[in-house]
Number of protein chains: 2
Amino acid sequence: MPQLGLLPRRTWAALLSQLLRPPHSACIPAVGCHSQGTRDLSPEQMVVREKILDMVVSCFKRHGAKGLDTPAFELKETLTEKYEENSGLIYDLKDQGGELLSLRYDLTVPFARYLAMNKLKKMKRYQVGKVWRRESPTIVQGRYREFCQCDFDIAGQFDPMIPDAECLKIICEILSGLQLGDFLIKVNDRRIVDGMFAVCGVPESKFRAICASMDKLDKMSWRDVRHEMVAKKGLSPEVADRIGEYAQCHGGISLIEQMFQDPRLSQNKQALEGLGDLKLLFEYLTLFGIAEKICFDLSLARGLDYYTGVIYEAVLLQTPTQIGEEPLNVGSVAAGGRYDELVAMFDPKGHKVPCVGLSIGVERIFSIVEQRMKTSFKKVRTTETQVFVATPQKNFLRERLKLIAELWNAGIKAEMLYKNDPKLLTQLHYCENTGIPLVVIIGEQEQKEGVIKLRSVASRKEVAIKRENLVAEIQKRLSES
Amino acid sequence: MPQLGLLPRRTWAALLSQLLRPPHSACIPAVGCHSQGTRDLSPEQMVVREKILDMVVSCFKRHGAKGLDTPAFELKETLTEKYEENSGLIYDLKDQGGELLSLRYDLTVPFARYLAMNKLKKMKRYQVGKVWRRESPTIVQGRYREFCQCDFDIAGQFDPMIPDAECLKIICEILSGLQLGDFLIKVNDRRIVDGMFAVCGVPESKFRAICASMDKLDKMSWRDVRHEMVAKKGLSPEVADRIGEYAQCHGGISLIEQMFQDPRLSQNKQALEGLGDLKLLFEYLTLFGIAEKICFDLSLARGLDYYTGVIYEAVLLQTPTQIGEEPLNVGSVAAGGRYDELVAMFDPKGHKVPCVGLSIGVERIFSIVEQRMKTSFKKVRTTETQVFVATPQKNFLRERLKLIAELWNAGIKAEMLYKNDPKLLTQLHYCENTGIPLVVIIGEQEQKEGVIKLRSVASRKEVAIKRENLVAEIQKRLSES
């Protein structure tokens with residue numbers, strides 16, 4: 001692999017993406033297939049997503065957030081110099097005359113651009129939307145080139161650590177609410193990371209590059225990360241080893257106290273500021289009753305360039321495994337941090353608007369829940385239809401049409417077969433297959449008597465109901481179930 | 001203008017887009033602005049959208065549709081040859097190695113691609129999502145380069161006109177439900193359009209081009225459309241005049257009967273098929289109780305290439321005007337039709353899957369509702385917060401944090417100020433400004449007595465409640481309101 005590593009980034013990426021080409025793109029060229037690393041979401045998947053997103057958004061709203069939407073593409077210049085090493089993953093639009101555009105890479109940079117453009121000094125907002133990254137599509141790990149992000153951010157100058165603590169509370173509420181099993185939120189502070197680099201002897205010019213290497217610790221061993229730091233980023237082995245010692249440290253409030261006493265770290269002003277804030281943060285987290293879910297972890301670095309203070313990342317401690325369920329490596333399921341300088345980059349006068357926020361890794365959560373449903377063999381209903389309009393006789397299309405319009409007009413979710421003369425069995429099978437609970441049956445006999453038959457699909461019981469009472473009776477049954 | 005019209009399309013488009021550059025893009029380069037023809041959606045706009053989209057989607061679900069999502073970009077070849085004259089409006093992605101990609105132009109082509117790719121022979125699906133078109137941004141008319149579409153489609157081989165009638169029923173339910181004022185759905189059939197062209201003497205090679213001209217009749221006068229047909233598309237004036245006679249015809253079922261008797265049209269097999277289907281359609285629409293909303297209009301052509309049968313377009317008859325409200329030209333608010341050949345274009349063996357569907361012009365509907373709210377001076381709440389946690393004293397941050405966590409854990413939507421010692425007046429003003437109905441107040445006195453004050457913002461009445469009963473009392477109040 002080292003030889004491959006020496007190839008120019010784009011060649012290497014192209015090669016890798018060939019190797020990892022997902023199976024579904026092996027379709028006949030020029031006829032119906034979608035682009036590599038993207039996918040359609042089937043009705044079954046949409047049902048799962050809708051539930052999870054509803055839950056996430058309702059938590060954001062519970063914390064007083066406003067909704068916001070920004071365009072899928074931004075001016076290319078808006079995105080440049082925000083993502084350091086990852087900027088090669090940005091999708092650019094073709095120059096078709098006019099401005100140079102790129103697809104958004106996250107929802108944070110557009111939010112910062114929005115605040116600056118509208119001269120907003122404070123805002124608590126959430127945003128749910130797709131972002132695009134030209135990653136090598138290692139589909140196995142649930143990484144796609146198009147994926148959904150759910151962000152919550154608090155912008156504004158406030159007293160320290162109050163909004164930061166709320167962000168961690170939100171992550172806890174969402175992960176607990178979704179019942180994904182036990183989880184842990186690793187917390188650190190960029191100032192502690194930088195202070196640690198400084199006291200270990202990392203030259204300042206290498207801070208961001210070494211930070212990016214350290215960020216890989218959740219996917220690579222320390223041995224490999226150390227190798228990258230030394231061989232690729234030119235760090236001396238002694239400096240790397242000093243970092244390695246710190247990177248092993250993780251714990252609770254006592255570790256913060258310990259670091260305050262650390263002979264080297266306590267000499268660094270930045271690190272002390274970070275430690276002071278973390279101490280306050282832990283105090284608030286204790287009041288929120290979530291301190292036991294939080295772990296101060298000196299190895300946490302976060303890849304993105306724009307963080308300036310507290311950073312955090314939530315990981316599932318164990319994928320809930322049931323019999324027959326394949327283990328699914330999902331890694332981080334939520335992350336975020338403080339970025340106090342980003343908005344100023346978009347303001348002509350450089351006015352600062354401090355921000356802190358979080359992003360829920362919903363794609364990974366979708367994968368887990370989908371996997372769980374697959375192994376539970378529970379059939380998911382992909383429609384919400386409550387009533388089916390059927391007939392046992394020929395030439396009853398017109399009656400069915402009149403009847404179903406009546407149901408629709410009353411707000412009842414109803415379906416019928418688009419056939420002139422369907423067989424009754426076909427109609428009843430359709431209800432069983434799609435999980436429709438009630439059937440209204442109209443035929444000659446019923447028409448003569450001025451009634452309709454109402455059938456429960458589950459019990460197969462039928463009762464005759466006066467035509468004019470039908471809607472009321474259905475509504476009664478539906479409200480009871 | 002004729003000289004400009006002779007410029008190559010792209011030059012002309014670039015020039016026009018310069019002229020029409022919307023005011024908000026006049027921001028300082030390289031600092032916070034978004035790309036031309038796109039826009040951010042503010043929290044106020046998001047509230048309106050959420051309500052409208054909920055209403056539209058719940059109608060789609062009432063008719064038994066399943067959800068689907070497709071990627072924002074497709075392989076470029078998926079989109080080529082689907083949009084005839086408009087293909088210049090497709091956004092391409094830059095070639096960064098790998099496949100050639102384009103942003104989707106509508107939701108219909110991706111749906112057809114999905115059906116073919118998954119070999120699905122029938123499906124009733126809805127999709128809500130953004131699409132992108134490089135139009136000259138004439139923002140005044142509510143046209144953006146990024147906009148939301150809401151589509152409902154029925155794929156499958158069924159008995160004639162049953163799904164088609166349901167599509168028109170859905171449009172009626174949505175437009176009535178949104179209370180946008182009176183509306184009308186124009187209906188025609190591509191086979192009648194083509195038959196009419198044939199009997200008028202249009203050469204078959206010019207059918208689609210003349211169809212595209214006729215589609216402009218809602219924006220241009222017949223005089224101008226005729227000029228385009230003759231001067232630009234090379235039609236003889238007599239043929240154009242014959243088309244003009246038909247294009248004036250609109251009416252109900254009686255017009256269908258009249259056209260059956262038309263000496264020229266009745267000689268055309270295609271036209272007769274179309275007329276036969278329209279007759280059946282009107283019968284079903286009568287059973288659905290919506291026939292009076294439908295108008296057979298021989299001038300309706302629909303620009304898109306893929307329609308093969310019934311086509312329709314809903315227009316608001318009159319923008320609801322209140323005093324002070326600016327008139328808003330919104331044109332068509334829903335449209336669709338039958339496209340029986342599109343899926344086959346993506347199937348390696350060319351298997352057909354007949355489809356019919358509709359698209360709700362939600363952007364235009366958003367504009368109308370937003371405009372209406374502006375003139376009504378009604379303040380829109382952009383958050384849903386139910387309770388605010390306040391204190392009249394200093395050093396009560398910790399008590400507030402404990403209290404608010406309790407509320408969040410009980411599912412109550414709650415906020416507090418992110419300050420150590422905010423003034424009581426500031427806190428109460430915040431509630432009044434953002435419309436929060438209830439305030440919980442904790443101070444020294446309350447703490448001593450083991451109570452909390454619960455204040456109604458509207459009535460300014462305060463009552464003391466035992467600390468342990470607070471959540472229950474709040475939930476009681478909220479369920480009553």
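The values are calculated or read from the model by the stated rules, or taken from the named source; none is laboratory data. Because the structure is predicted, anything quoted here is derived from the model rather than measured. FYI the Cβ positions are ideal-geometry reconstructions off the backbone, even for glycines, and counts take in every protein chain you see. All accessible areas refer to the heavy atoms of the entire protein, side chains included, with ligands and DNA or RNA removed. Shrake-Rupley method; radii C 1.70, N 1.55, O 1.52, S 1.80 Å.
Some points to look at:
- Relative to the Cα centre, the charge distribution of the range A:32-89, modelled as +1 at Lys and Arg Cβ and -1 at Asp and Glu Cβ, gives a dipole magnitude of about 340 debye.
- With all protein chains in place and ligands, DNA and RNA left out, the 1.4 Å accessible area ranks B:LEU265, A:LEU53 as A:LEU53, B:LEU265, largest first.
- Set of aspartates and glutamates near A:LYS378 by C-alpha distance (under 17 Å), chain-local residues within fewer than 8 positions excluded: A:GLU44, A:GLU325, A:GLU326, A:GLU370, A:GLU432
- Selected from A:MET259, B:LEU285, B:PHE111, residue furthest toward positive end of dipole (the protein assembly as shown; charges at beta carbon): B:LEU285
- Nearest-10 value in Å² for the accessible area of B:HIS351, using the 1.4 Å probe: 90
- Ligands, DNA and RNA are left out, and with a 1.4 angstrom probe the accessible area of chain A is 43 Å² per residue.
- In the range B:337-397, taking the dipole from charged Cβ atoms about the Cα centre, the farthest positive-side position among B:PHE366, B:LEU342, B:PRO354 is held by B:PHE366.
- Only helical runs count toward this figure. For the protein assembly as shown, summing -39,500 (n - 2.57) over DSSP H runs of n ≥ 4 and dividing by all residues gives -11500 deg cm²/dmol at 222 nm.
- Global geometry of the range A:427-481, whether rounded, prolate or oblate, following the gyration tensor of its Cα atoms and the 1.5 cut on a/c: oblate
- Overall form of the range A:32-90 per C-alpha gyration tensor (a/c, 1.5; a/b vs b/c): oblate
- In sequence order, the range A:123-132 has phi-based couplings of 5, 10, 9, 10, 8, 10, x, 7, 10, 10 Hz under the Karplus curve 6.51 cos²θ - 1.76 cosθ + 1.60, θ = phi - 60°, and Gly or Pro positions carry x.
- Averaged over the residues of peptide B:406-418, the number of Cβ atoms from other protein chains lying within 10 Å of each residue's Cβ is 5.
- Cα-based reach from A:LYS66 at 16 Å (exclusive), listing lysines while leaving out same-chain residues under 8 positions away: A:LYS121, A:LYS122, A:LYS124, B:LYS51, B:LYS379, B:LYS413
- Area hidden from solvent between A and B (accessible, protein heavy atoms only, 1.4 Å, total, Å²): 8500
- Pairs from A:LYS94/A:LYS352; A:LYS419/B:LYS349; A:LYS94/B:LYS119 whose Cα-Cα separation, in the structure shown, is over 30 Å: A:LYS94/A:LYS352; A:LYS94/B:LYS119
- Relative contact order %, chain A, counting alpha carbon pairs below 8 Å whose residues are six or more apart: 14
- Only protein heavy atoms count here; on that basis, with a 1.4 Å probe, B:VAL315 has an accessible area of about 30 Å².
- Built amide H within the under 5 Å cut-off of A:VAL310, gap 5+: A:ARG190, A:ARG338
- Taking a straight Cα-Cα cut-off under 25 Å and skipping sequence neighbours fewer than 8 places away in the same chain, the lysines within cross-link reach of B:LYS206 are B:LYS82, B:LYS186, B:LYS216, B:LYS219, B:LYS232, B:LYS233, B:LYS269.
- Solvent-accessible area, 1.4 Å probe, carbon plus sulfur percent, for chain B: 53
- Closest approach to the A/B rotation axis among chain A Cβ atoms, residue and whole-Å value: A:LYS94, 2
- For B:ARG460, inter-copy separations between label points set 7 Å beyond Cα along the Cβ vector come to 6.9 nm, shortest first.
- Mean-position separation - Cα centroids, the range B:221-241 and the range B:393-445, in angstrom: 70
- Residues whose amide H lies under 5 Å from that of A:LYS130, counting only those 5 or more places away or on a different chain, are A:GLN149; hydrogens are built 1.01 Å from N in the peptide plane.
- 18 Å reach of a label modelled at A:THR426, 7 Å along Cα-to-Cβ, counting backbone N of the range B:338-356: B:353-355
- Complex-versus-alone comparison for the range B:64-91, residues with a loss of 30 Å² or more in accessible area, probe 1.4 Å: B:GLY64, B:LYS66, B:GLY67, B:ASP69, B:PRO71, B:ALA72, B:PHE73, B:LEU75, B:GLU77, B:TYR91
- Teacher prompt: A:GLU77 distances to equivalent labels in other copies, 7 Å Cα→Cβ, nm: 3.8
- Each Lys and Arg adds +1 at its Cβ and each Asp and Glu adds -1 at its Cβ; summed about the Cα centre, the protein assembly as shown shows a dipole of about 440 debye.
- A 1.4 Å probe, protein heavy atoms only, puts the accessible area of A:GLU44 near 90 Å².
- Couplings 3J(HN,Hα) of the range A:104-114, computed from phi: 5, 9, 8, 9, 6, 4, x, 5, 4, 4, 5 Hz, in residue order, whole Hz [Karplus 6.51 cos²θ - 1.76 cosθ + 1.60, θ = phi - 60°; x for Gly and Pro].
- Each of A:ASP277, A:ASP189 has its accessible area taken with a 1.4 Å probe; listed largest first, they run A:ASP277, A:ASP189.
- Projecting 7 Å from Cα along the Cα-to-Cβ direction, the label point of B:CYS249 sits 8.8 nm from its equivalents in the other copies, listed shortest first.
- Under a model in which nothing but the beta-carbon of Lys, Arg (+1) and Asp, Glu (-1) is charged, chain A shows a dipole of about 1340 debye around its Cα centre.
- Ordering B:SER376, B:LEU41, A:LEU217 by the projection of their Cα atoms onto the charge dipole of the protein assembly as shown, which places +1 on the Cβ of Lys and Arg and -1 on the Cβ of Asp and Glu, puts B:SER376 at the extreme positive end.
- Shape of the range A:98-171, Cα gyration tensor, a/c cut at 1.5: oblate
- Rounded to the nearest whole Hz, the Karplus-based 3J(HN,Hα) values (6.51 cos²θ - 1.76 cosθ + 1.60, θ = phi - 60°) of the range B:33-50 follow the sequence 8, 9, 6, 3, x, 10, 7, 7, 10, 6, x, 4, 5, 5, 5, 4, 4, 4, with x at glycine and proline.
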